[in-house]
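The values are calculated or read from the model by the stated rules, or taken from the named source; none is laboratory data. Only a predicted model underlies this, so the values are computations on that prediction, with no experimental measurement involved. Here the Cβ is made from the backbone with ideal geometry for all residues, glycine too, and neighbour counts use every protein chain on show. When the accessible area is computed, the model is the full protein with side chains, heavy atoms only, and any ligands, DNA or RNA have been set aside. Shrake-Rupley method; radii C 1.70, N 1.55, O 1.52, S 1.80 Å.
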Amino acid sequence: MAAAAPQQLVQYVVLRGDLRWPRGALVAQACHAALAVLHAHYAHPDSAAYLAERGRMRTVVLEAPDEGALMTLAETLKEHSVDHEMWIEQPENIATCIALRPYPKDQVHQYLKKFKLLK
């Protein structure tokens with residue numbers, strides 16, 4: 001019997017949709033958060049496997065309607081021991097984005113299903 005194929009890893013990034021910043025600044029926030037969480041969890045086997053995928057990496061960018069929704073998500077992730085980083089833009093001290101380390105989708109989707117894809 002053949003072994004089951006490993007589940008594809010996904011990195012979720014949740015960006016605030018209420019920020020009326022230039023597109024480049026918003027993309028930078030997502031990049032900062034994604035890199036910060038990978039750096040913090042570099043030794044995790046899922047992070048290593050995700051980075052090894054190179055051109056096949058799967059990242060899903062979702063939209064939180066406002067800071068309150070982002071903070072609530074951070075609390076939920078913390079309560080369920082989901083590895084993540086919230087990016088706080090300095091010197092403004094504004095919470096802009098949360099990125100999760102790479103996970104199999106079925107392990108974290110339940111915490112993110114209320115968020116829509118960022119448009």
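Of all residue pairs spaced 6 or more apart or on separate chains, those with beta-carbon atoms under 6 Å, a first member in the range 78-90 that is more than 15 Å from LEU26 (Cβ to Cβ) and a second member that is of a type outside the set (A, V, I, L, M) and surrounded by 12 or more Cβ atoms within 10 Å (Cβ to Cβ) are ASP83/HIS41; ASP83/ARG101.
Could you tell me which of the residues GLU63, GLU67 is acidic (Asp, Glu), under 18 Å from LEU117 (Cα atoms) and in contact with a Leu (Cβ under 7 Å, 6 or more places away or on another chain)? Answer to the selection: GLU63. From the list ALA28, ALA43, ALA34, the one residue that fits, being at pLDDT 95 or above and either closer than 21 Å to HIS109 by Cα or under 13 Å from the mean Cα position of the chain (by Cα) (or both), is ALA34. A single entry from GLU63, GLU89 fulfils the requirement of being in contact with a Lys or Arg (Cβ under 8 Å, 6 or more places away or on another chain) and surrounded by 12 or more Cβ atoms within 10 Å (Cβ to Cβ): GLU63.
May I ask you to say which residue of GLU67, GLU85, GLU63, GLU79 is acidic (Asp, Glu) and touching a helix residue (DSSP H, G or I) at 6+ places or on another chain (Cβ under 7 Å)?
Working: GLU67 fails: touching a helix residue (DSSP H, G or I) at 6+ places or on another chain (Cβ under 7 Å); GLU63 fails: touching a helix residue (DSSP H, G or I) at 6+ places or on another chain (Cβ under 7 Å); GLU79 fails: touching a helix residue (DSSP H, G or I) at 6+ places or on another chain (Cβ under 7 Å).
Just a single option satisfies the conditions, and that option is GLU85.
Residues in the range 74-91 that are in contact with a Phe, Trp or Tyr (Cβ under 7 Å, 6 or more places away or on another chain), over 17 Å from LEU38 (Cβ atoms) and outside any loop (DSSP other than H, G, I, E, B): THR76 alone.
Taking the range 93-119 as the region of interest, how many residues are modelled with pLDDT of 95 or more and open to solvent by 60 Å² or more (accessible area, probe 1.4 Å)? Can you show your working first?
Going residue by residue through the range 93-119, those that are modelled with pLDDT of 95 or more are 93-118.
Checking which are open to solvent by 60 Å² or more (accessible area, probe 1.4 Å) leaves us with 93, 105-107, 109-110, 113-114, 116-118.
So the count comes out to 11.
Of all the listed residues (GLU85, GLU63, GLU89), the sole one being acidic (Asp, Glu) and over 14 Å from the mean Cα position of the chain (by Cα) is GLU89. May I ask you to list the residues in the range 19-54 that are open to solvent by 80 Å² or more (accessible area, probe 1.4 Å), part of a helix (DSSP H, G or I) and not aliphatic (A, V, I, L, M)? Of everything in the range 19-54, those that are open to solvent by 80 Å² or more (accessible area, probe 1.4 Å), part of a helix (DSSP H, G or I) and not aliphatic (A, V, I, L, M) turn out to be ARG23, HIS39, PRO45, ARG54.
Among the residues making up the range 1-25, those that are polar (S, T, N, Q) and at pLDDT below 95 are GLN7, GLN8.
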